[in-house]
Structures are given as structure tokens and as C-alpha cells.
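Reviewing the structure listed below.
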Amino acid sequence: VGEAGQLRLINSKVLLIGVGGLGSPAALYLAAAGVGTIGIVDADVVESSNLQRQIIHGEDQLGELKVNSAAASIRRLNSMVKVQSHATYLDESNALDILKGYDLVLDGSDNFKTRYLINDACVKLGIPNVHAAVYRFEGYVTTFGGADHAPCYRCIYPELPPPEMAPSCAEAGVLGVLPGVIGVLQAVEALKVLLNIGSNLKGKMLRFDA
């Protein structure tokens, strides 16, 4: 990475959609790596059932907005990071305004409607999207879009599946440690994209079976 790479990271702006199971480890490792600005979109509050996988939060933060809890943990780890909190749900009315100005988006959402919305906004704005999902014992990571016209989410899933075919983690369950593995892989992808080093997952999908 070197000094030039650290300077590039400190001038980078990354937006996390969700600071749950995936966003928690990703946020901590991006902050530790020295990403200068981390944005967080999440309207939920911390609940005790979150803590077996959402490691950025703790028992002393139960009932707090997740954006505030996550921001406190990030600042405790690296006080140089600027945190931009968006305590709202992403929807058609605010997606473009929230996403614009960021260099990279990490999609840690847990429902298909939000994934399509993130994808469409990233395509429109030309922002790379490091996407991940987890389900029970399985997870996957890939990188969509950006200026080089890499495949996007709709290339794989053209149409929104019916709700009964796409249960969320809350409904189907997930092995608590699995989002940690996948969220860290998202952070790895994010650093490679930001630094323009190595071979990333554009046009490919990494699937993990725990």
C-alpha cells in the first residue's frame, strides 16, 4: 500500500448501506485501514438479538440508533475517520442524493428491494458497488459497476423475486460468524478497488459455504 496508498485511502469516501452483520466488520476494517470518510445508512436501533453477528455494537448501546453506535466504535478505533451518518431507510426519494459524492458503496442490505435500488443508483452515478449477501451457512461477494461498465446486479437477477422465494436473515437465520467472514471479504474488495491494486471480483462471484 505504501505512503501513496495511505494518502489515497484517507482521501476516499466509502458508503456502507447497513451496519448489521456485513457492515459491522467492513466498517471496522475500513476505519482501521485509514479510509478517510465512512458514510453509514441505517435507520434501525441496536437490539440484543443483533449482537451475535453485529460486532460493531455492544450491550451498552442497546436501544441506540445503529448509525450512532457504529460511529462511536469507528471513532474509538480511528479518530481521524470522518463519519457521515444517515439515520434513514434508503428509498427512491433519497438514494441518489445520499450516494452521490462517494467513491464506493458497500451493499450490506438484507432485502432484494434495497439491493435493486442500490444497484440502480450506483449504475446511474457510475459508482462501484461491492455487494454481498448471507443466508444460513452461505455467503457471496462480488463487485458491480463503476466506470468500466462491469456487470451489475440486474445482469444476474433481472427481476425482483417474490417475497416467499427470498427470506431475509431475520426470517431464515444465519450462522453468526458467517457475516464476519463475508463482511471482511467486502472490505478486502473495497480496498483493492480504492487502491486500484490486485485482481478484484468485477465480473466474478466469490461464494463461501461454511
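The values are calculated or read from the model by the stated rules, or taken from the named source; none is laboratory data. Not measured: the values here are computed from a predicted model. All Cβ positions, even for glycine, are placed from backbone atoms using ideal geometry, and neighbour counts span all protein chains on display. Surface areas here come from the heavy atoms of the whole protein model, side chains and all, with no ligands, DNA or RNA. Shrake-Rupley method; radii C 1.70, N 1.55, O 1.52, S 1.80 Å.
Just give me the residues in the stretch 176-210 being modelled with pLDDT of 95 or more and part of a strand (DSSP E or B), in sequence order. Scanning the stretch 176-210 gives 206, 207, 208, 209. Here residue 146 meets the list (1) at pLDDT below 95; (2) of a type in the set (Gly, Ala, Ser); (3) not in a loop (DSSP other than H, G, I, E, B) almost entirely, failing just condition (3). Contact annotation: residue pairs with Cβ atoms under 7 Å, 6 or more positions apart or on different chains, pairing a residue in the stretch 72-88 that is in a strand (DSSP E or B) with a partner that is crowded, with 16+ Cβ neighbours inside 10 Å and of a type outside the set (A, V, I, L, M, F, W, C), are 82/36; 82/37; 84/37; 84/39; 85/68; 86/39.
For the residues 105, 45, 83, the requirement of being open to solvent by less than 10 Å² (accessible area, probe 1.4 Å) and among the β-branched types (Val, Ile, Thr) singles out 105. Among the residues making up the stretch 111-140, those that are charged (D, E, K, R) and either crowded, with 24+ Cβ neighbours inside 10 Å or assigned to a strand (DSSP E or B) (or both) are 136, 138.
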